[in-house]
1. Identify, among Gly76, Tyr249, Gly234, the residue whose Cα sits farthest towards the positive end of the charge dipole of the chain, taking +1 on the Cβ of Lys and Arg and -1 on the Cβ of Asp and Glu, with the dipole about the Cα centre.
2. Which ³J(HN,Hα) values, rounded to whole Hz and listed in residue order, are derived for the stretch 21-37 from phi using the Karplus coefficients 6.51, -1.76 and 1.60 in 6.51 cos²θ - 1.76 cosθ + 1.60 with θ = phi - 60°, glycine and proline given as x?
3. Which one, Gly103, Ala31, Ser56, is farthest towards the positive end of the dipole of the stretch 1-119 when Lys and Arg carry +1 and Asp and Glu -1 on their Cβ?
4. To the nearest 20 debye, what charge dipole does the stretch 1-156 have about its Cα centre, counting +1 at the Cβ of each Lys and Arg and -1 at the Cβ of each Asp and Glu?
5. In sequence order, what are the phi-derived ³J(HN,Hα) couplings for the stretch 176-191 according to the Karplus relation 6.51 cos²θ - 1.76 cosθ + 1.60 with θ = phi - 60°, rounded to whole Hz, with x for glycine and proline?
6. For a protection proxy built on the mean count of beta-carbon atoms within 10 angstrom, sort 71-82, 186-197 highest first, please.
7. Quick one: Karplus J couplings for the stretch 234-249, per residue in order, coefficients 6.51, -1.76, 1.60, θ = phi - 60°, nearest Hz, x for Gly and Pro?
8. Take the residue pairs Lys161/Lys248; Lys161/Lys196; Lys176/Lys215; Lys55/Lys248; Lys4/Lys157; Lys70/Lys114 and return only those whose Cα atoms are more than 19 Å apart.
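Rule-based calculations on the coordinates, nothing more; no lab input. What you are looking at is a predicted structure, and each value in this text was computed from that prediction instead of being measured. Methodologically, a virtual Cβ is constructed for each residue, glycine included, from the backbone with ideal geometry; neighbour enumeration extends over all protein chains shown.
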Amino acid sequence: MRKKLIAANWKMYKVPDDARDFFRNFLPLVADHSRDEIVVCPPFVDLPAAVESAKSSNVAIGGQDMHWEKEGAFTGEVSTAMLLAVGCTHVIIGHSERRQYFGETDDTVNLKLKAALEAGLTPIVCVGEVLEEREAGLTDDVLRRQCLRAFHAISAKKAAKLVVAYEPVWAIGTGKTATPQLAADAHQLIRSEAAKAFGEKLADSLRILYGGSVKPENAKALMSEEEIDGALVGGASLDPKSFAAIVKY
Ligand code: 13P
């Protein structure tokens, strides 16, 4: 049995005081929840406030991105050491918004994944097709390519902590959710790519999250699908009650 992971991606929302407010309201709602792992990924400047607020709770904190170099002249970037130093345990890599708007490529995703695993962070690697690719029947090709390149030259031993998130881009922030069956099909393909790269054993234990308009209303149907090992939640994770309802689907 894979323990599900329910992760919040706050994107570019909330200042540190908002983060503190969120945890003040959210933590009591999930205090006795141990069925699933819970992770919140706030903007970088909120990380210290989030870590402090979630201290000694069942909620872990992650970054939304990272650089693959340990340090250097990379203005605006954040390293794995910096994420670890403020208390992060997780990091999102290759989110479609990074790919769409900030030049993230399959190759930089691979570099980041290697660096995150090396540093001992739990990486949540995002893959997913855009609408035109789905309509052109290219979904499988896109997912295969994204996985192949992301997983390139990483050993099964190193990949032990890997988490993948399937986020069809057409479902992000649109209110359109993939049907549980459609998501399950994509998850199966991702799992078979993981098996090719890392072997069956790791692929069997690999958690593949679904992301894209996950809400309290649709969380149960999605999470009941055997192939879906959790959720990466954007909009609906900003409100403590709604994110708690998703966690407790
Ligand atoms: P929404 O839940 O707002 O669709 O965002 C999904 C997402 O991109 C999570 O990373």
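1. Tyr249
2. 4, 4, 5, 4, 8, 7, 4, x, 6, 10, 4, 9, 8, 10, 4, 10, 7
3. So the residue furthest toward the plus end is Ala31.
4. 480
5. Here the 3J(HN,Hα) series is 8, 10, 5, 5, x, 5, 5, 5, 4, 4, 5, 5, 5, 5, 4, 5 Hz.
6. Sorting 71-82, 186-197 by mean packing, highest first, produces 186-197, 71-82.
7. The phi angles translate into x, x, 6, 8, 7, 9, x, 5, 5, 5, 5, 5, 5, 4, 9, 1 Hz.
8. Pairs exceeding the cut-off: Lys161/Lys248; Lys55/Lys248; Lys4/Lys157.
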